[in-house]
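A.B. asks: So that we are looking at the same thing, I have put the structure below in structure tokens.
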Amino acid sequence: MLDSVSPRRSEGAPPVQPVVCMITDRRRLAGGEDALVQRVATAAKAGVHLVQVRERDLEARDLSRLVARCVAAVHGTRTRILVNDRLDIALTARAHGVHLRGDSMPASRARSLAPIGFLIGRSVHTVAEAVTAHAEGGLDYLLFGTVFTTASKPGQAPAGLKSLTDVVDATPVPVLAIGGMSSDTAPQLAGTGCAGFAAIGWFADGDEAAFAARMSGVFGRG
């Protein structure tokens, strides 16, 4: 669960490390699936909390194999593997959770099928969607965006920090920010109350050595 992360800490309390979520895109890596599994292992070693396997073009059997490999790659670390929207794959491949799209099944239904300790998140884009998702129950976190301008959503206006803060204030469920995350934009999340952030490009860009160095800068270790 994400209950160890406070979305907004009280004044004078020690700082809480933000939750960091890697979202995969093997097509951006030269080595394909093998390179992705290695990157997941590197991310886990560095301290990334969540890895969402988001390979929506794969057939069920191939996706299940990839998820199982990612689960094995993070064994012995605190990193948890989530599967984008495919609850069936998450369960059969023994992933640690599922991330539901905004138009997917109710989280409460997914919760009724999942084992104890299984993480469930959902994407939202407005305060109204966040409130509705919370009211349905069963969620461990929400993913809100896009917060900043991002190349993955060309032509889409960013929601901005004010909208992120409004979503955080509207629900007690921890909120992760997504969209345009980088070493320059992530620090701007401070003060919004969000529990952390998720990103695709930040984890996919560069070779393995450059990625390891970047993660060392984020977590203070390699």
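A.B. asks: Quick one: in the stretch 78-110, of everything that is among the basic types (Lys, Arg) and closer than 28 Å to VAL147 by Cα, which residue is surrounded by the fewest Cβ atoms within 10 Å (Cβ to Cβ)?
C.D. replies: ARG78
A.B. asks: Among the residues of the stretch 157-168, is there at least one that is buried (at least 18 other Cβ atoms within 10 Å of the Cβ), of a type in the set (A, V, I, L, M, F, W, C), in contact with a helix residue (DSSP H, G or I) (Cβ under 6 Å, 6 or more places away or on another chain) and under 15 Å from VAL124 (Cα atoms)?
C.D. replies: Yes - at least one qualifying residue is present in the stretch 157-168.
A.B. asks: Every residue in the stretch 115-152 that is in contact with a strand residue (DSSP E or B) (Cβ under 7 Å, 6 or more places away or on another chain), assigned to a loop (DSSP other than H, G, I, E, B) and under 25 Å from ALA73 (Cβ atoms), please.
C.D. replies: PHE118, ASP140, listed by residue number.
A.B. asks: Given the criterion touching a helix residue (DSSP H, G or I) at 6+ places or on another chain (Cβ under 8 Å) and of a type outside the set (Lys, Arg), identify the matching residue among LEU119, LEU139.
C.D. replies: One residue alone meets the criteria, LEU139.
A.B. asks: Just need a number here: residues in the stretch 186-204 that are buried (at least 20 other Cβ atoms within 10 Å of the Cβ) and either aromatic (Phe, Trp, Tyr) or part of a loop (DSSP other than H, G, I, E, B) (or both).
C.D. replies: Count: 7.
A.B. asks: Continuing with this model, one more query. Does the stretch 45-65 hold any residues that are closer than 16 Å to LEU87 by Cβ and either within 15 Å of the chain's Cα centre (by Cα) or buried (at least 23 other Cβ atoms within 10 Å of the Cβ) (or both), and which are they?
C.D. replies: Within the stretch 45-65, GLN52, VAL53, ARG54, GLU55 qualify.
A.B. asks: Next up: Looking for something buried (at least 18 other Cβ atoms within 10 Å of the Cβ), at pLDDT 95 or above, within 23 Å of GLY193 (Cα to Cα) and of a type in the set (A, V, I, L, M) - is there at least one such residue anywhere in the stretch 28-44?
C.D. replies: Checking the stretch 28-44: not a single residue is buried (at least 18 other Cβ atoms within 10 Å of the Cβ), at pLDDT 95 or above, within 23 Å of GLY193 (Cα to Cα) and of a type in the set (A, V, I, L, M).
A.B. asks: With the structure loaded, tell me whether SER123 is out of contact with any Ser or Thr (no Cβ under 7 Å at 6 or more places or on another chain) and farther than 21 Å from GLY193 by Cα or whether it fails that test.
C.D. replies: In short, no.
A.B. asks: Next question, about the same structure. What's the number of the condition GLN17 fails, among (1) outside any loop (DSSP other than H, G, I, E, B); (2) within 23 Å of MET181 (Cα to Cα); (3) within 18 Å of the chain's Cα centre (by Cα)?
C.D. replies: It is condition (1) that GLN17 fails.
A.B. asks: Out of all the residues in the stretch 153-178, which are modelled with pLDDT of 95 or more, polar (S, T, N, Q) and in a loop (DSSP other than H, G, I, E, B)?
C.D. replies: Passing the criteria: only THR171.
The values are calculated or read from the model by the stated rules, or taken from the named source; none is laboratory data. Note that the coordinates shown come from a computational prediction; the quantities given were computed from them, not determined experimentally. Don't worry about glycine lacking a Cβ; one is built from the backbone with ideal geometry, like all the others, and counts go over all protein chains shown.
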